[in-house]
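Notes follow once the structure below has been shown.
The values are calculated or read from the model by the stated rules, or taken from the named source; none is laboratory data. Everything numeric here is computed off the predicted structure, so don't read it as measured data. No Cβ is skipped: glycine too gets one built from the backbone with ideal geometry, and neighbour counts run over all protein chains shown.
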Amino acid sequence: MVSFGEKRGAFLAPGLKRLQDIQEEIFRQLQLLIPADVTLHDVFASSVRGSPLLRMDVLERHRYTQFIRLTYAFPSGEADKYAPDAHIRLYRDARMAEVTSFNPEQGFRRSAHPWYPRRPLMQRCWRQNLALDKWLGYLLQQGHSVDTMRPVETCADDRAAAPEPVSAM
């Protein structure tokens with residue numbers, strides 16, 4: 001018997017285990033991008049031929065977690081434009097990472113609360129983490145890696161000087 005009231009496939013909210021699997025994969029991929037000297041510098045950039053400048057800002061460091069921003073930086077007049085603008089929390093003890101936002105206002109907008117409906121929150125979390133997983137795979141395919149990610153000194157106007165492009169292998 002066919003029931004039109006029951007949703008299947010892409011419309012069904014993903015399970016927590018599948019979300020955790022993606023978050024573990026995101027952490028694994030980030031380990032291929034984040035250099036060992038991440039504790040010494042706050043801003044990194046990776047430049048490979050045929051790709052926009054990839055910028056990584058370390059926003060917070062704690063004993064077991066880090067909060068980073070990963071984005072392409074497009075020069076545009078006085079200030080750079082950033083897109084996609086992913087804010088990512090890494091849980092080093094759990095070996096997981098999750099995207100918290102894809103916009104610069106991330107810290108100013110409440111995205112979860114005990115009274116918010118669970119299903120839309122889970123679906124948004126699933127979509128954002130799946131998008132980050134795909135983007136990280138794309139970055140690695142382009143040739144971005146720990147070898148291309150270099151510390152950057154920020155200028156007085158907070159614009160990072162771009163490192164020389166590294167040829168993708």
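Summary of values
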item: Any hit, the stretch 5-27, residues being basic (K, R) and modelled with pLDDT of 90 or more; result: no
item: Qualifying residue in the stretch 100-118 (condition: assigned to a strand (DSSP E or B) and at pLDDT below 95); result: yes
item: Subset tally (residues that are assigned to a strand (DSSP E or B) and without any contact (Cβ under 8 Å) to a residue 60 or more places away in the chain) for the stretch 37-69; result: 10
item: Residue that is part of a helix (DSSP H, G or I), within 30 Å of K17 (Cβ to Cβ) and either modelled with pLDDT of 95 or more or of a type in the set (F, W, Y) (or both), where the choices are Q128, Q141; result: Q141
item: Selection from the stretch 70-98 of residues that are of a type in the set (S, T, N, Q), out of contact with any strand residue (DSSP E or B) (no Cβ under 6 Å at 6 or more places or on another chain) and in a strand (DSSP E or B); result: none
item: Matching option when the condition is within 23 Å of L121 (Cβ to Cβ) and polar (S, T, N, Q), among S51, S101, S47; result: S101
